[in-house]
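Let me begin by presenting the structure, written as structure tokens, before commenting on it.
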6 protein chains.
Amino acid sequence: MKPVVVRNIKRADSNAVGTLEAVGVSTAHEALGRFGLMKPYLRPIYAGAQIAGPAVTVLAQPGDNWMIHVAVEQCQKGDVLVVGCTADNTDGMFGELLATALRARGVKGLIIDAGCRDVKALQEMDFPVWSKAVSAKGTVKATLGAVNVPVVCAGVNVDPGDAVVADDDGVVIVPKKDCVETAQKAQKRFDDEDGKRKRLAAGELGLDMYNMREGLAKAGLRYVDNPEDV
Amino acid sequence: MKPVVVRNIKRADSNAVGTLEAVGVSTAHEALGRFGLMKPYLRPIYAGAQIAGPAVTVLAQPGDNWMIHVAVEQCQKGDVLVVGCTADNTDGMFGELLATALRARGVKGLIIDAGCRDVKALQEMDFPVWSKAVSAKGTVKATLGAVNVPVVCAGVNVDPGDAVVADDDGVVIVPKKDCVETAQKAQKRFDDEDGKRKRLAAGELGLDMYNMREGLAKAGLRYVDNPEDV
Amino acid sequence: MKPVVVRNIKRADSNAVGTLEAVGVSTAHEALGRFGLMKPYLRPIYAGAQIAGPAVTVLAQPGDNWMIHVAVEQCQKGDVLVVGCTADNTDGMFGELLATALRARGVKGLIIDAGCRDVKALQEMDFPVWSKAVSAKGTVKATLGAVNVPVVCAGVNVDPGDAVVADDDGVVIVPKKDCVETAQKAQKRFDDEDGKRKRLAAGELGLDMYNMREGLAKAGLRYVDNPEDV
Amino acid sequence: MKPVVVRNIKRADSNAVGTLEAVGVSTAHEALGRFGLMKPYLRPIYAGAQIAGPAVTVLAQPGDNWMIHVAVEQCQKGDVLVVGCTADNTDGMFGELLATALRARGVKGLIIDAGCRDVKALQEMDFPVWSKAVSAKGTVKATLGAVNVPVVCAGVNVDPGDAVVADDDGVVIVPKKDCVETAQKAQKRFDDEDGKRKRLAAGELGLDMYNMREGLAKAGLRYVDNPEDV
Amino acid sequence: MKPVVVRNIKRADSNAVGTLEAVGVSTAHEALGRFGLMKPYLRPIYAGAQIAGPAVTVLAQPGDNWMIHVAVEQCQKGDVLVVGCTADNTDGMFGELLATALRARGVKGLIIDAGCRDVKALQEMDFPVWSKAVSAKGTVKATLGAVNVPVVCAGVNVDPGDAVVADDDGVVIVPKKDCVETAQKAQKRFDDEDGKRKRLAAGELGLDMYNMREGLAKAGLRYVDNPEDV
Amino acid sequence: MKPVVVRNIKRADSNAVGTLEAVGVSTAHEALGRFGLMKPYLRPIYAGAQIAGPAVTVLAQPGDNWMIHVAVEQCQKGDVLVVGCTADNTDGMFGELLATALRARGVKGLIIDAGCRDVKALQEMDFPVWSKAVSAKGTVKATLGAVNVPVVCAGVNVDPGDAVVADDDGVVIVPKKDCVETAQKAQKRFDDEDGKRKRLAAGELGLDMYNMREGLAKAGLRYVDNPEDV
């Protein structure tokens, strides 16, 4: 790893990002082909937030948030900060003061493969964070990492500028080059779902709506009347 | 395992189920003799729901929700769907559309030993789910399982029709044949607790109310005035 | 371990405790020198509570809450009950009735390295608990432990009378003898943060406010314009 | 749960059990239709053992091995003892003395959804155990459970007399009624594998041996020469 | 926490330590009254070692082994080094070179609530380690901790000089002041077990040897002949 | 993700790979700058193996080993197969037959972020595997993934052809472009360590050998004679 900060990054298409934010994580993940989902141990510190934006990436050392301070300067309005760590860590590497600094630059939220603190204050200022843990353990500023290099965060490789989509269902990364196509597919899925929702609400069975009965019979599913008939 | 759907199941006594729903999980579990509690890794996706109902059971393959679609048709008003899995899995096997279908049939909620998604929408439609994880990872419809056969869910064997009781404290299964007796005992515990609550709120000590002092002395508990006397 | 109850304990300075409650866990932990933080697996059963008080300590056997009943009598107004366990356990060793008894004595909350139940009722009565798990599994009253002896809880040694500080960020223990000094330092940190918060909110960078640029350069951090330059 | 000991149980067919022991867990599990496998957190305390036998089942309370002592009397030559627990527990509920008692009755080994101790002595006497943990924590003999009733162990329901197959790959339960058929299928799989092993060792590709190429192409797999062609 | 090294510590009685080493962890833990056992996540890096010795304690920062280097100088022949950590950490804070230095001073082994590396070399030089993880992740030497102060390690408070007993079953801490009495009780248990072992090996049942039948009947255990009789 | 197989990959320099294999994971990881280490949950299925080789990468679906069969054809003598998974999974996706096929092509071993089975047979044929779990659960061949695309495995991004180094301490990935330089640095560290080892074995303290005393004093470390002086 080279201790470096990359100043200019190409950001994901902003219209596509807007669409992905509106449809949310589950639909975006389906549209991308079920790829790029961060591990489910990453959880929002409070419920209800739904954001999307291009990633500014940080590779941090465990228990050391020096590079997050460095990264603030590289952020633009609408960005989402993504922090990976060179080793497993649950320390509270991020809190209210850093959130205040990011908010001042228009950053939408934080994804961090480590711990977070000041969660009450963060909720009050409505700055959403998806983290691995909540911990009051503060961090040092001693060892370099990097900003805007590819990082692995919660099991997914994130390139700077990739679209980050996050809500109560988790976090998905849509690679820059796939953003426009994924947003289109996602919008289509989203629109289609409304029709399905109405039919299901009216009592239609998925078995019929999706034409599953034939496939089930072919695969060998057998209906019996009573437990004794199994 | 035979890939089979059992159509007719005997459901737990509905009056007893009503009582169990009113008293909640902790009291029902005590009344049953501290048995049948699902493992505490199963958590509600939002706080505050309290339900009970006969189980319609699903044995699903990991990452495959085909059999949940099949199970919808077997559900009646007041049922609770219980999904076990043939291997550890955290994929989001259940979401808003399936909840809409279940809601249309009067199903009260879902217990799933795997992941769940669309949790914001589920809370908005007030469809409670107890799951092992929240994950946007969707699932295929490729391999058969079974419906209304005995399944193990979060460490407990569930027979179709058994009473499922679920609230913020977890999920307990009351076997069909024990439902009436358990509901009676549970109601009695519930009524008794009110008297105890009042006495304790008035400052009476549990040591006195439960007559513990003699037992403690007999077991060898010693009171000393200061740390140096230990 | 001797099965003993110590009646007289020296409690942490009450003014200092008041200050620690006001500043919260993260600030108290920093002021103490980043020491005494309980492991982050200990979580509040509901968000928003912030308390501090001298510890009454309980050493309990797994699945046995006999000693918690014994401890109630030793509690005074403003205390926080801290329960350690002789082996890993997630049973619901604490619930509404015990909370009612503690409330009657003016106890502020509970820290327990095991499970808790009746969480809905506890939230309704606003009795905060930090626990390892939520579980309806009740407990026996069969084996002795001790009250007001040193206990290890969630990785931290707690002496009776030590100050317990707990909020959404976790739980920190401030040893009695360090309370006054820690409260002073904490108050200072707390006051200083307000100034920093305003400067950061106005767009000043932490890089400048903390004078980090020189240190970063010295450590070898390099800025490049484009990914190709790495 | 009724505190009961069932004296007479029907045991799985002994020839079938012999076959299952010879083929091992992975093959038995495939032959049964990928069902009945205990969760992989259950691990052998030492490598190399491979056993099968009818289950004598124990439902134990956490931290209490009274019922294991009771179960010894119900064991016959060739049995495997299976211990489930009414709550999560890692205490060392089993050690050298109990193993000595079981060995005297010809029991082949132990499956326990809790902890085990004296692992060095157990290996020296070659008494295999599959457990969730190794722990020196001893247990009390205070609360009843049951012997030879259905128990859930590591996620699988075990009826008394079911065939238990255990080796370095884990533990699988073959229901009594499926034992003969499963053993036959397993033997066939086992015999077939030898031919495949030889062909693969000679350099034949699975792609060809299993005729996968057409299916892969149909599913849309594309071969490209270089990364740039993706 | 004060950054301090205490030079003179009182060490546990060496004869008692010798006895505890001979009887091993499970027996020592029973003799102490089932107290002081480290959590079972602490595992030996290789099987077969059995040691005991007075503790030299280290409080280390996560990912920083500076204080272990400091502690070497404080070690005497026969000591066991015990390392606690101010936050959860799995980095490889200890390896072959430190083991070589400790070996040169006659230290018997290491207990560390973090990670260890060079495990192959450590086994070849027969230097036993009980750790939470194996990890090649090296550590910095940047932040002070303390040597020979009380530390919490894997859930147990360890005072400098306390007896550490470790084998394949885990690690137990016997407080200095309890060492002689515990060693005597442990020796007695150890001697008694031999008689029991012989009787059990000869086929005597624990039910009879421990006179359990009456207690079981009194507690309500019922024997039935067949499953239908439950 | 595109379902694709890349045929031609650039492999890491073979001399460098040979050096990295000789020095092992801990030294390689240090030489690379403490980067690229897989998470410590990845463990060897048996102790003692030490390998290095260029990565052939597989992106697999959970519970589906179709792409591993596809990957065999792309392997050359000396390669190491690296399997990442699109979701958390512990199924036994790899066993003896696949190992036989890989062995026939000269593959040195497997790194898999999922489960492995037939571990006894794998040890007998001396085919080393580093996996997240051991599980007999077999897998389907139903959904496409990709071969020789970048994959995330156990928290690290692996490009096809990168050097994989694996031993009892874990697994580290050295990017192709850094291999030669890293191997040189690693060899130097390795050679230097021998001198240090001899000095430490002779009783020299690391405190002196590394000149730590001044730094420690400067940082504020204080030596006291007795606990009372703290």
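Most mobile of F:M209, F:M67, F:M125 per a Gaussian network model of chain F (Cα springs, under 10 Å)?
F:M209
Which one of D:D169, D:D192, D:D159 has the biggest mean-square fluctuation once chain D is modelled by GNM with Cα springs under 10 Å?
D:D192
Using only C-alpha atoms and all pairs of different ones, pull out the Kirkwood radius for the range F:1-90 in Å with one decimal.
On the way: mean 1/r = 0.0665 Å⁻¹.
Result for the range F:1-90 stands at 15.0 Å.
List the trypsin sites (Lys or Arg not before Pro) within the range A:68-125 that DSSP assigns to loop and that have no more than 12 neighbouring Cβ atoms inside 10 Å.
Working: sites: A:K77, A:R103, A:R105, A:K108, A:R117, A:K120; in loops: A:K77, A:R105, A:K108, A:R117.
Sparse-neighbourhood loop trypsin sites (Lys or Arg not before Pro): A:K77.
Which entries in the list D:K120/D:K198; A:K196/A:K218; A:K177/D:K196; C:K177/E:K177 go over 32 Å, if you measure between the two C-alpha atoms of each? Present the calculation step by step, with values, prior to reporting the outcome.
Numbers: D:K120/D:K198 38 Å; A:K196/A:K218 25 Å; A:K177/D:K196 43 Å; C:K177/E:K177 25 Å.
Over 32 Å apart, Cα to Cα: D:K120/D:K198; A:K177/D:K196.
Sum -39500 (n - 2.57) across every DSSP H segment of at least 4 residues in the protein assembly as shown, then divide by the residue count to get the 222 nm mean residue ellipticity, nearest 500. Working shown, then result.
On the way: 48 runs with 438 residues, N = 1380.
Only helices count here, giving -9000 deg cm²/dmol.
Pairs C:K108/C:K185; B:K2/D:K10; E:K137/F:K10: which exceed 26 Å Cα-Cα? If you can, show how the numbers build up before the last one.
Details: C:K108/C:K185 24 Å; B:K2/D:K10 22 Å; E:K137/F:K10 28 Å.
As for pairs spanning more than 26 Å Cα to Cα, those are E:K137/F:K10.
Could you pull out the GluC sites (Glu not before Pro) across the range A:175-230 that fall in loop regions by DSSP (anything but H, G, I, E, B) with no more than 14 other Cβ atoms inside 10 Å? Working shown, then result.
Values: sites: A:E181, A:E193, A:E204, A:E214, A:E228; in loops: A:E204.
Here the GluC sites (Glu not before Pro) that fit, given the DSSP loop and packing criteria, are A:E204.
Pick from A:A217, A:A201, A:A87: which residue has the top mean-square fluctuation in a GNM of chain A where Cα pairs under 10 Å get a spring?
Residue with maximal mean-square fluctuation among A:A217, A:A201, A:A87: A:A217.
Using a 1.4 Å probe and counting only protein heavy atoms, how much accessible surface gets buried when D and F come together, both sides summed, in Å² to the nearest 100?
Working: alone 12150 and 12140 Å², together 21080 Å².
In total, chains D and F hide about 3200 Å² from solvent.
Output needed for the range A:69-134: three equivalent-ellipsoid semi-axes, defined as square roots of 5 times the C-alpha gyration tensor eigenvalues, in descending order, whole Å. Could the numbers behind the result be given before it?
Working: eigenvalues 64, 41, 16 Å².
For the range A:69-134, the semi-axes come out at 18, 14, 9 Å.
Per the Kirkwood treatment, what hydrodynamic radius in Å, one decimal, follows for the range E:104-230 from the mean inverse distance over all distinct Cα pairs?
Numbers: mean 1/r = 0.0505 Å⁻¹.
After inverting the mean inverse Cα-Cα distance, the result is 19.8 Å.
Ratio of alpha-carbon Rg to the 2.2 N^0.38 Å globular estimate for the protein assembly as shown, to two decimals, please.
Normalised Cα radius of gyration, the protein assembly as shown: 0.89.
Antiparallel DSSP bridges in chain D: what percent, to the nearest 5? Walk me through the intermediate numbers first.
Details: 17 of 35 bridges.
Around 50 percent antiparallel, to the nearest 5.
Which of the chymotrypsin sites (Phe, Trp or Tyr not before Pro) across the range B:122-228 are loop residues per DSSP, with 14 or fewer other Cβ within 10 Å? Present the calculation step by step, with values, prior to reporting the outcome.
Details: sites: B:W130, B:F190, B:Y210, B:Y223; in loops: B:Y210.
Listed in order of number, the matching sites are B:Y210.
For the protein assembly as shown, what is the accessible area per residue in Å², given a 1.4 Å probe and the full set of protein chains? Intermediate results must be reported in sequence, preceding the final value.
Numbers: 48720 Å² over 1380 residues.
Result: 35 Å² per residue.
Quick check: the distance between the Cα centres of the range B:18-65 and the range D:134-158, to the nearest angstrom?
22 Å
What is the Cα centroid distance between the range B:97-128 and the range E:87-118, reported in whole angstrom?
50 Å
Identify all aspartates and glutamates with a Cα-Cα distance to D:K77 below 12 Å; exclude those on the same chain that are fewer than 8 residues away in sequence.
Within the straight-line cut-off, D:K77 pairs with nothing.
Starting at 0 and stepping by 10 Å, how many percent of the alpha carbon pairs of the range B:45-190 end up in each bin?
12, 45, 34, 8, 1
The values are calculated or read from the model by the stated rules, or taken from the named source; none is laboratory data. Only a predicted model underlies this, so the values are computations on that prediction, with no experimental measurement involved. With ideal geometry, Cβ positions are generated from the backbone for all residues, glycine too; neighbour counts draw on all protein chains shown. These area figures cover heavy atoms from the full protein model, side chains too; ligands, DNA and RNA do not enter into them. Shrake-Rupley method; radii C 1.70, N 1.55, O 1.52, S 1.80 Å.
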